[in-house]
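Since the structure comes first, as structure tokens, the remarks are kept for the end.
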């Protein structure tokens, strides 16, 4: 799995996805063709290649998790600072200690609920003597729904905090 943020260098250009890409016609088509792993996949080079119709792994795949803005192409830094990557992913290390504490409180609460649902689903599934495909699918549906609920809390929470420059570490203000 690729990390937030990924990009491809090709013929002097930097190709990457931002919120504008995911909101346009091609981005919506990509989301429809994605599966339950879409949120993880959209951060990666495969999604960039699909969106920009790159064949045969053209270009140089790059990514960074660094907190140093110098480790990113300038246009990606600007998009992150302008909160134009809120549908792609986030790096909680861009937050100040105080904002991170707020983020983790919300994240941990959401994670606790997710893990309780996951545990209950596995417990219920384990009581079935001869599970059918429908049993597997129902358990998978419950787990995927719980995971989506969790993700629908964590990423927006990060970006709500990041919108305020006071919540950003110095490099990202």
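Observations on the structure shown:
- Restricting region 40-91 to residues that are within 16 Å of the chain's Cα centre (by Cα), assigned to a helix (DSSP H, G or I) and modelled with pLDDT of 95 or more, the residue that is surrounded by the most Cβ atoms within 10 Å (Cβ to Cβ): 80
- Residue match in region 148-156 (condition: under 30 Å from residue 10 (Cβ atoms) and in contact with a strand residue (DSSP E or B) (Cβ under 9 Å, 6 or more places away or on another chain)): no
- Count of region 134-170 residues which are at pLDDT 85 or above, part of a helix (DSSP H, G or I) and surrounded by fewer than 13 Cβ atoms within 10 Å (Cβ to Cβ): 5
- Candidate set from region 96-110 (those that are in a helix (DSSP H, G or I) and touching a residue at least 40 places away in the same chain (Cβ under 8 Å)); member that is farthest from the chain's Cα centre (by Cα): 98
- Candidates 114, 103 - the one that is more than 26 Å from residue 7 (Cα to Cα), touching a strand residue (DSSP E or B) at 6+ places or on another chain (Cβ under 9 Å) and buried (at least 16 other Cβ atoms within 10 Å of the Cβ): 103
The values are calculated or read from the model by the stated rules, or taken from the named source; none is laboratory data. Since this is a predicted model, take the numbers as computed values, not measurements. So basically every Cβ, Gly included, is an ideal-geometry build from the backbone, and we count neighbours across all protein chains shown.
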